[in-house]
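Here's the structure we're looking at; comments come further down.
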Amino acid sequence: QVQLVESGGGLVQAGGSLRLSCAASGRTLSRYVLGWFRQAPGRERAFVGWVSFSGTSTSYAASVKGRFTITRDNAKNTVYLQMNSLQPEDTAVYYCAAVAHYSANAGDYDYWGQGTQVTVSS
C-alpha cells in the first residue's frame, strides 16, 4: 500500500506560479511511476504528466508542456509539480497517483492522493 498526500494548492493570479508537493508513505516510492492528474468541475480527470522511477524521464500533456515540470526526490518520498504561467483553464483539483509502469491513463493508476485545489483567477 502507498499513501499519497498532496499539498501546495491555492489561489493564484493568471501568469503566476505554484508548486504542488505529494508526500508518500508506505512502500518505497522508487518502485512507482508517479503521475499528476487534474479534474475541473464537470469534466473527466485528465492526465497532466508523469515522472519515471528514477526521475530521469518525464512526459506531459500538450496543454501543460513547457509550463509544468514534474520532479521527484526518492530520498524524501516526495514528488513535485512546478506550475508556471498559470491560466484560468488550469483551475482544477490536482491529484498525484502511483503506478508500477508508464501510463497516461488514470484507470491504470493504483494509488491516489485526496487532491488539492488550484484556482487561477483572471
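Quick notes on this structure:
- Environment charge at Ser122 (Cβ cut-off 15 Å; Lys +1, Arg +1, Asp -1, Glu -1): -2
- 3J(HN,Hα) along region 5-14: 10, 8, 8, x, x, x, 9, 9, 7, 3 Hz, from the Karplus curve 6.51 cos²θ - 1.76 cosθ + 1.60 with θ = phi - 60°, whole Hz, x for Gly and Pro.
- Kirkwood-based Rg to Rh ratio, the chain, C-alpha trace: 0.94
- The mean accessible area for residues of the chain, using a 1.4 Å probe and ignoring ligands and nucleic acids, is 49 Å² per residue.
- Protein accessible area in region 65-122, 1.4 Å probe - carbon and sulfur %: 46 percent
- For region 33-100, trypsin sites (Lys or Arg not before Pro) meeting the loop criterion (DSSP other than H, G, I, E, B) and having at most 16 other Cβ atoms within 10 Å: Arg43, Lys65, Arg67, Lys76.
- Kirkwood-Stokes translational diffusion coefficient of region 8-73, alpha-carbon pairs, 20 °C, 1.002 mPa s, µm²/s: 160 µm²/s
- Measuring nothing but how far apart in sequence close Cα pairs (under 8 Å, 6+ apart) lie, relative to its length, region 11-116 scores a relative contact order of 34 percent.
- Loop-located chymotrypsin sites (Phe, Trp or Tyr not before Pro) in region 17-120 whose Cβ has at most 14 other Cβ within 10 Å (DSSP): Tyr102
- Order of exposure, largest accessible area first, which applies to Asp90, Asp108 with probe 1.4 Å: Asp108, Asp90
The values are calculated or read from the model by the stated rules, or taken from the named source; none is laboratory data. Computed from a prediction, not measured in an experiment: that's the story for all the values here. Reconstructed Cβ throughout: ideal geometry from the backbone, glycine too, with neighbour counts over all protein chains shown. Side chains are part of the model used for accessible areas, which takes the heavy atoms of the whole protein and leaves out ligands, DNA and RNA. Shrake-Rupley method; radii C 1.70, N 1.55, O 1.52, S 1.80 Å.
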